[in-house]
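The values are calculated or read from the model by the stated rules, or taken from the named source; none is laboratory data. The model shown is predicted, which means the values in this text are computed figures rather than measured ones. A quick note on method: Cβ atoms are made from the backbone with ideal geometry, for glycine too, and the neighbour counts reach across all protein chains shown. Heads up: the accessible areas ignore ligands, DNA and RNA and are worked out on the full protein's heavy atoms, side chains in. Shrake-Rupley method; radii C 1.70, N 1.55, O 1.52, S 1.80 Å.
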Amino acid sequence: MSIAGEAWELLSDWLPGNHEPERPQLQLATVTDEGTPDVRTVLLTRFSPEGFWFNTDSRSRKAQQLRSTPAVALLFLWPGFTRQLSVQGVASVVPTSESAEAYQRRSPYLQQLAWQNTNAFAQLPASEREARWDAFTHSGDLSQPPPTWAGYLVRPERLTFWEGNPAAASRRTEFTWCAGEWRRTYLAG
Ligand SMILES: Cc1cc2nc3c(=O)[nH]c(=O)nc-3n(C[C@H](O)[C@H](O)[C@H](O)COP(=O)(O)O)c2cc1C
């Protein structure tokens, strides 16, 4: 179900290219074992006709939730009442080699975060956190990701592009994967 045709054209037009250094933010919604929704912001690592990649810590709540329920929703929002893209899909873990490549493209700050951003670290007083951070900045090894660094690919099943229009009503263009093809529908914004 790779993204093709008009859906792919819109996606490539709306999202910044994978080599743009500033990565887009998106909201990633998951479902807990109790069926409660959960949501947080992550960075889009990259996208392709296969779907959307993001990276996280395999010990995180979202990673635990994805192990039991891989169904997700993603939301991208553009500033100024202009555009919104919402996606329903299924997330799967990517091979370590792929997530290692994504780690290499992250800034040194984000690489260090991948190493040190643990719940245990969060319990420490500010002075201790700053001292440990500083020590790692000077002598830590950022050359490889920590073993807990994980990457996910979200393969979409539905893509909904919302566009504002000051001259007319906002409108959604929705692509749904149905019987082996992408079906397009226009919906009220
Ligand atoms: C702008 C922004 C970008 C973020 N990017 C990521 C990211 O790419 N990966 C990640 O694991 N957490 C990222 N976070 C932190 C998450 O929002 C979240 O707090 C953390 O991953 C723990 O989420 P969880 O307990 O639901 O798993 C980001 C937060 C903000 C505000």
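Rounded to the nearest 20 debye, the dipole size of the chain about its Cα centre is 260 debye, using +1 on the Cβ of Lys and Arg and -1 on the Cβ of Asp and Glu. Under the criterion of Cα pairs below 8 Å and six or more residues apart, the relative contact order for the stretch 71-189 equals 29 percent.
In the stretch 23-79, taking the dipole from charged Cβ atoms about the Cα centre, the farthest positive-side position among Ser58, Ala73, Val31 is held by Ser58. Reducing the stretch 21-84 and the stretch 94-109 to their Cα centroids gives an inter-centroid distance of 17 Å. Provide, for q = 0.20, 0.24, 0.27 Å⁻¹, the log10 of I(q)/I(0) from a solvent-free Debye sum over equal Cα point scatterers in the stretch 77-136. Log10 I(q)/I(0), no solvent term: -0.89, -0.96, -1.05. Phi-derived couplings, Karplus 6.51 cos²θ - 1.76 cosθ + 1.60 at θ = phi - 60°, listed residue by residue for the stretch 104-118: 5, 8, 7, 5, x, 4, 5, 5, 5, 4, 4, 7, 10, 7, 10 Hz, with x used for Gly and Pro.
Couplings 3J(HN,Hα) for the stretch 60-74, derived from phi with the Karplus relation 6.51 cos²θ - 1.76 cosθ + 1.60 (θ = phi - 60°), are 6, 4, 4, 5, 5, 5, 5, 5, 8, 9, x, 6, 9, 10, 10 Hz, where x marks Gly and Pro.
Per the 1.4 Å probe, what fraction of the accessible area of the chain, in percent, lies on carbon and sulfur atoms? On the chain, the fraction of accessible area on carbon and sulfur atoms equals 53 percent.
The charge dipole of the stretch 77-189, taken about its Cα centre with unit charges on the Cβ atoms of Lys, Arg (+1), Asp and Glu (-1) only, comes to about 520 debye.
Scale the Cα Rg of the chain by the rule-of-thumb value 2.2 N^0.38 Å and send over the ratio, two decimals.
Normalised by 2.2 N^0.38 Å, the Cα Rg of the chain equals 1.15.
The residue list Pro166, Pro156, Leu124 was ranked by how far each Cα lies along the charge dipole of the chain toward its positive end, using unit charges on Cβ atoms, and Pro166 comes out on top. In this structure the chain gives 58 Å² per residue of accessible area when probed at 1.4 Å with all protein chains present.
Once the mean 1/r over all distinct Cα pairs of the stretch 1-66 is inverted, what Kirkwood radius in angstroms do you read off?
13.5
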